[in-house]
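Scroll down for the structure; my scribbles are underneath it.
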Amino acid sequence: MNTFFGTGVALVTPFNADKSVDVKGLERLVKFQIANGINYLVVLGTTGEPATLTAEEKELVKKTIIKANNGVLPLVLGIGGNNTAEVVEEVQTTDLSAFEAVLSVSPYYNRPTQEGIYQHFVAVSAASPKPIIVYNVPSRTGSNIEVATVVRLANDCKNIIAVKEAAGDLVQAMKMIQQTPKGFMVISGDDAIALPMTLAGGAGVISVIGQGLPEKFAKLIDLGLRNDAKNSFTLQYQILESIDLIFSEGNPAGIKVILQQLDICSDEVRLPLVKASAELHQKIQTFIKNYK
């Protein structure tokens, strides 16, 4: 599915000063992506802080994004967890009509074996009316989806169409690209190595920094898909510092500082996350000033 080639962004959930969902800020954020070359939007991924949103707030976020997007960009919905039965029920009962695919994180905390991870995604795949993008992020889940497991899922489950690979291991990503069947997509979930993964045959990125620097980051990935290493790395080195900055005090605290400085939304997050420090604000402000 070429729908998911290029740059997708995992949208933040903007909050007001009282920590309520900032609907207007979310609308501005969506329209900023549309206007600046982003290829698709991920709704309620990790960056959207779904762990600290109520069911009602999640519905508000979905409806706001769907309305603001107005059918322009493909949408992906995050549905995942460490209780397989609950994830299966959620994909079966959620209205997915506005979404092209589901992004589902590998079970966290339980630390299942590779067979457990495989069986989890087989069950989710069988239950889902939409294609599944498997999300491998060992730094958050406590377990890595090994190459052999990704290959097995890609071959056995026809509606598992991609993996968002965020282990930060370029060699592992290259093996996934090499060993999965034709048409299966390996999408970077790590902004810092998204370009080398793309040049190695990956499908692009689901990005955090992309929503703050959409025009240049989308161009970087597009150049990578065209195998233009020279020009794409020129852009990469212009952006690289910002990637380190936004993750230095946790995600999405850092990216929300950039979005605040762009007058899109505030830097508010919900506990147990805390807002970025004054020092980080200053560093990001300096970067943005020089970047422009």
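Here are the numbers for the structure shown:
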read-out: More than 25 Å apart - percent of Cα-Cα pairs taken over the stretch 2-228; value: 36 percent
read-out: Residues A51 and E279, FRET efficiency given R0 of 35 Å [Cβ-Cβ distance, rounded to 0.05]; value: 0.85
read-out: Cα convex hull of the stretch 25-114, projected area averaged across orientations, nm²; value: 6.6 nm²
read-out: Calculated FRET efficiency for the pair K67/Q92, C-beta based, R₀ 25 Å, to 0.05; value: 0.50
read-out: Separation in nanometres of the label points that stand 7 Å from Cα toward Cβ, at D156 and R140; value: 2.5 nm
read-out: Relative contact order of the stretch 170-292, pairs being alpha-carbon contacts under 8 Å that are 6 or more residues apart, as %; value: 16 percent
read-out: Sum of -39500 (n - 2.57) over DSSP H runs of 4+, divided by residues of the chain (222 nm, nearest 500); value: -14000 deg cm²/dmol
read-out: Positive-end extreme of charge dipole, the stretch 77-153 - chosen from P138, N83, V124 (charges on Cβ); value: P138
read-out: Volume of the Cα convex hull of the stretch 185-250, divided per residue and given in Å³; value: 69 Å³
read-out: Per-pair calculated FRET efficiency, R0 = 51 Å: N110 and N16 via Cβ, rounded to 0.05; value: 0.90
read-out: Electrostatic dipole magnitude of the stretch 22-111 [Cβ: Lys, Arg +1; Asp, Glu -1; Cα centre; debye, to 20]; value: 360 debye
read-out: Residue-span extension gain [E215 to K230] - 0.36 nm each, minus C-alpha spacing; value: 3.6 nm
read-out: Set of lysines with alpha-carbon distance to K24 below 22 Å, sequence-local pairs under 8 removed; value: K58, K62, K63, K67, K256, K275
read-out: Sequence-distant lysines (8 or more away, or on other chains) whose Cα lies within less than 21 Å of K158; value: K130, K175, K182
read-out: Cβ-placed point charges (K, R +1; D, E -1), dipole of the stretch 188-231 about Cα centre in debye, nearest 20; value: 140 debye
read-out: Added length on full extension, which subtracts the Cα-Cα distance from 0.36 nm per residue, Y291 to L271; value: 4.1 nm
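Read the figures in this text as sums done on the coordinates, not as results from a lab. Note that the coordinates shown come from a computational prediction; the quantities given were computed from them, not determined experimentally. Glycine also receives a Cβ, built like all others from the backbone with ideal geometry; neighbour counts cover every protein chain displayed.
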